[in-house]
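J.: Dropping the structure in here first, questions after.
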Amino acid sequence: MSFWFVALMICIILLVLVGQLSRFYARMKSLAADLDAQQLAINAQLKQLQGTLSEVLGEIRRGNRLSNELIELKQAELTGDFEIVEEPIAPAPAPARKSNIETPEVKSALPGAGGAPKTFPKL
């Protein structure tokens with residue numbers, strides 16, 4: 001009789017153990033899905049951050065290039081290693097002459113476009 005009692009207790013313990021393991025497996029599966037979703041979100045944010053950082057890096061490089069050019073110009077100014085090139089300035093064009101042909105005056109259909117109206121229209 002004690003043998004059957006022990007066997008029954010072992011079966012009950014095994015069934016409870018299988019139930020707990022299945023519950024643990026379901027919980028781990030949902031956590032794995034959550035972690036995958038979080039990793040995808042982090043990857044998207046990192047790609048966006050990488051794009052922003054590459055833009056910033058480009059701006060830094062442009063600033064460094066301009067700074068180097070300014071330093072070279074200042075150094076050339078201090079040492080006198082530059083050449084002044086004078087370019088001739090073209091004379092200003094003569095003002096246009098008035099022609100004897102008069103342009104016809106265009107009248108607009110809008111009230112007040114040809115001048116200020118003498119009276120305001122009644123509403």
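The values are calculated or read from the model by the stated rules, or taken from the named source; none is laboratory data. Since the structure is predicted, the reported quantities are computational estimates derived from the model, not experimental observations. Note that we place each Cβ from the backbone using ideal geometry, even for glycine, and neighbour counts take in every protein chain shown. When the accessible area is computed, the model is the full protein with side chains, heavy atoms only, and any ligands, DNA or RNA have been set aside. Shrake-Rupley method; radii C 1.70, N 1.55, O 1.52, S 1.80 Å.
J.: Would you mind stating whether L57 is at pLDDT 95 or above and surrounded by 10 or more Cβ atoms within 10 Å (Cβ to Cβ)?
T.: Considered against the rule, which asks whether it is at pLDDT 95 or above and surrounded by 10 or more Cβ atoms within 10 Å (Cβ to Cβ), L57 comes out as yes.
J.: Okay, moving on. Just checking, which of K47, K74, K107 is part of a helix (DSSP H, G or I), among the basic types (K, R), open to solvent by 100 Å² or more (accessible area, probe 1.4 Å) and at pLDDT below 95?
T.: Values: K47 fails: at pLDDT below 95; K107 fails: part of a helix (DSSP H, G or I).
Sole residue among the options that is part of a helix (DSSP H, G or I), among the basic types (K, R), open to solvent by 100 Å² or more (accessible area, probe 1.4 Å) and at pLDDT below 95: K74.
J.: Out of (1) more than 29 Å from the chain's Cα centre (by Cα); (2) open to solvent by 100 Å² or more (accessible area, probe 1.4 Å), the odd one out for S22 is which?
T.: Condition (2) is where S22 drops out.
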